[in-house]
1. What number of residues within region 54-81 are among the hydroxyl-bearing types (Ser, Thr, Tyr), surrounded by 11 or more Cβ atoms within 10 Å (Cβ to Cβ) and out of contact with any helix residue (DSSP H, G or I) (no Cβ under 6 Å at 6 or more places or on another chain)?
2. Would you please list the contacts, defined by Cβ atoms under 7 Å and residues six or more apart or on different chains, that run from a residue in region 65-94 that is without any contact (Cβ under 8 Å) to a residue 12 or more places away in the chain to a residue that is among the polar types (S, T, N, Q) and surrounded by 15 or more Cβ atoms within 10 Å (Cβ to Cβ)?
3. State the number of residues belonging to region 67-110 that are among the acidic types (Asp, Glu) and at pLDDT 85 or above.
4. Check every one of the helices (runs of 4 or more DSSP H) wholly within region 34-110 and list those with 1 or more residues that are under 21 Å from the mean Cα position of the chain (by Cα) and basic (Lys, Arg).
Amino acid sequence: MARKTLRARRFFSLIFPFFFITSVYAEQTPVSAKTVTVEAKNETFAPQHPDQYQSWKATSEQSAREDALAEDPRLVILWAGYPFSRDYNKPRGHAYAVTDVRETLRTGAP
């Protein structure tokens, strides 16, 4: 019985400081972390680069997403186990590139 008590004391004496130290460090989080919102001002580039701006602007004409998996259900089986089997849309214009990447189910965070 004394050996079990001694082992228990050793175990808790090794584990307790770990929890104490991690709780102290967990409390020291920076409070001044601010979220910065970046606004896209694509129109500011129109005077310097009119051809590129018009080309980019033309890519925003297609706003609806087309689900490639609904069109061809065999792709779900073909890509089983890969993130493409959960969400695969047909490509849209470059104006929607960031939105499409941010809202995909492949990353698990829509």
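1. 1
2. The qualifying pairs are 76/85; 79/85.
3. As a first pass, look at region 67-110 and keep what is among the acidic types (Asp, Glu): 67, 71-72, 87, 100, 103.
Still in the list and also at pLDDT 85 or above: 67, 71-72.
Residues meeting the conditions: 3.
4. Helices (runs of 4 or more DSSP H) meeting the threshold: 97-102.
The values are calculated or read from the model by the stated rules, or taken from the named source; none is laboratory data. Nothing here was measured: the structure is a model prediction, and the numbers come from that model. Glycine gets a Cβ as well: all are built from the backbone with ideal geometry, and neighbour counts include every protein chain shown.
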